[in-house]
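Trainee: Just dropping this structure here.
The values are calculated or read from the model by the stated rules, or taken from the named source; none is laboratory data. What you see is a predicted model, and the numbers here were worked out from it, not measured in a lab. Cβ: placed from backbone, ideal geometry, glycine included. Neighbour counts: every protein chain shown. We work out accessible area using only protein heavy atoms, side chains counted, and drop any ligands, DNA or RNA first. Shrake-Rupley method; radii C 1.70, N 1.55, O 1.52, S 1.80 Å.
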Amino acid sequence: MTIPDYQTLMLPLMEVASDGAEHRMSEAVEALAERFRLTPAERETLLPSGRQTTIANRIGWSKTYLAKAGLLDGSKRGVFRITDRGREVIQRSPPRIDVKFLKQFPGFEEFRTSTRERPTADAPAANTEQAQTPEELLLDSYERLKSRLSDDLLARVHQVSPARFESIVLDVLLAMGYGGSRPDAGRAVGRSGDGGIDGLINEDPLGLDVVYIQAKRWEGVVGRPVVQAFVGSLEGHRSRKGVLITTSSFTADATQYVGMIDKKVILIDGSRLAQLMIELGVGVTVEQTYLVKRLDLDYYDDQDV
């Protein structure tokens, strides 16, 4: 089954705590993963940040919401236990505990009101009825913004002149560590005149090896014949390494072909080119920066003076 959302996990988490004992979060994660019969892959699924599993993150936010409503005591690091109010709730055997249920508790409503007025990355979103946790909402929004930027980048690259496209490609390769200084980066060996570039670039700043480059703004999908022609040009230049860049995409046959030859050929399609430009800061600028902070627990430890 799929990983349950943080609201679905609230009642099961309360049931884990219903024995009145102190429970570790790791224990709760294991117990609820078993209860919902999560597969090994689902248990290991990470947030886009790669720093925490999705199930652990969602259980963590369930605990936070329940604690804000006074049903759990989560004041100690990494552990929680049920409160008197929580026992009263469990004794009523509610069919489900979610955000709507928690609204009846004054502390939780105050918590919701304050976070609506001050939306932050580490506080619940204004629409707390959503199934995703705040981290998931933040990262999902970031991925959507990046996807839209990628589309805008490709549209813009299609509009620039052939010379500007050549400059963009060189900037990307330089940002990746190829070519050394920019004046010495690209050495043209042939011009096709169709909006692409053919050249050599140093693989390292010292020029110990070179990489042959071809970059074209193809409109259609690039197939195996084009890739084979590029590989043939590598032979003519006595090169065993090449990068073929297109603003469109490659066919599966073309991709499979480069995996069968003895030369090292990298195919970069439009999507990957846009991602590289975003990651390396080529042709993009920072519009807004959000710092997501967490509690520094080591700061509060007693230290010898």
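Trainee: Does a label point 7 Å from the Cα of Asp209, set along Cα-to-beta-carbon, have any residues of region 263-285 with amide nitrogen under 17 Å, and which are they?
Mentor: Answer for region 263-285: 263-267.
Trainee: Does anyone have the angle between helix 162-175 and the longest principal axis of the chain? Alpha-carbon axes, 0 to 90°, nearest 10?
Mentor: Once rounded, the angle reads 60 degrees.
Trainee: Can you sort Trp218, Trp61 by 1.4 Å-probe accessible area, starting with the largest?
Mentor: Result, largest first: Trp218, Trp61.
Trainee: Now for a different question. From the protein chains alone at 1.4 Å, what is the descending order of accessible area for Glu135, Glu22, largest first?
Mentor: Greatest to least solvent exposure: Glu22, Glu135.
Trainee: Still on this structure, I have one more. Over 29 Å between Cα atoms, which of Lys76/Lys103; Lys146/Lys216; Lys216/Lys241; Lys146/Lys241; Lys100/Lys146; Lys68/Lys293 qualify?
Mentor: Lys146/Lys241; Lys100/Lys146
Trainee: Counting only protein heavy atoms and a 1.4 Å probe, tell me what percentage of the chain's accessible area is made up of carbon and sulfur.
Mentor: Exposed carbon and sulfur together represent 50 percent of the surface.
Trainee: I'm spelling it out carefully: the read-out is Rg and Dmax of the Cα atoms in Å, the candidates are (1) 27.3, 81; (2) 19.3, 57; (3) 31.1, 116, and one was derived from this structure. Which label?
Mentor: Looking at Rg and Dmax of the Cα atoms in Å for this model, the match is (1).
Trainee: Okay, next question. Between Lys264 and Arg240, what is 0.36 nm times their sequence separation minus the Cα-Cα distance? Round to one decimal in nm.
Mentor: 8.0 nm
Trainee: Hey, what did the chain get for relative contact order, percent, Cα under 8 Å, at least 6 apart?
Mentor: It rounds to 12 percent for the chain.
Trainee: Between region 212-274 and region 76-90, what is the separation of their alpha carbon centroids in Å?
Mentor: The two parts, judged by their Cα centres, are 60 Å apart.
Trainee: Follow-up. How many nm separate the modelled label positions at Glu34 and Ser161, each set 7 Å beyond the Cα in the direction of the Cβ?
Mentor: 7.0
Trainee: Could you provide, to the nearest whole Å², the per residue accessible area of region 51-93 with probe 1.4 Å?
Mentor: 50
Trainee: Another one. Say each of Glu27 and Gln288 gets a label point 7 Å from the Cα, pointing the same way as Cα to Cβ; how far apart are those two points in nm?
Mentor: Those two pseudo-labels are separated by 4.2 nm.
Trainee: Please work out how much accessible surface Met260 shows to a 1.4 Å probe, ignoring ligands, DNA and RNA, in Å² rounded to 10.
Mentor: That residue has around 130 Å² of solvent-accessible surface.
Trainee: Just tell me the longest site-free run in the chain, where the sites are trypsin sites (Lys or Arg not before Pro) in a DSSP loop having at most 16 other beta-carbon atoms within 10 Å.
Mentor: Result, exposed sites excluded: 104-190.
Trainee: If the only charges are +1 at each Lys and Arg Cβ and -1 at each Asp and Glu Cβ, what is the size of the charge dipole of the chain around the Cα centre, to the nearest 20 debye?
Mentor: That gives the chain a dipole magnitude of about 600 debye.
Trainee: Ok, one more. Fully extended, how many nm does the chain gain between Asp151 and Ile278 (0.36 nm per residue separation, minus their Cα-Cα distance)?
Mentor: 44.6 nm
Trainee: Order the following by accessible area, largest value first: Phe101, Phe80. Probe radius 1.4 Å; ligands, DNA and RNA are ignored.
Mentor: Most to least solvent-accessible, the answer reads Phe101, Phe80.
Trainee: If I model a spin label as a point 7 Å beyond the Cα along the Cα-Cβ vector, how far apart are those points for Thr2 and Gln52 in nm?
Mentor: The two pseudo-label positions are separated by 2.1 nm.
Trainee: Let me ask something additional. Tell me the angle of helix 134-157 to the major Cα principal axis of the chain, expressed in degrees between 0 and 90 and rounded to the nearest ten.
Mentor: Approximately 20 degrees, to the nearest ten.
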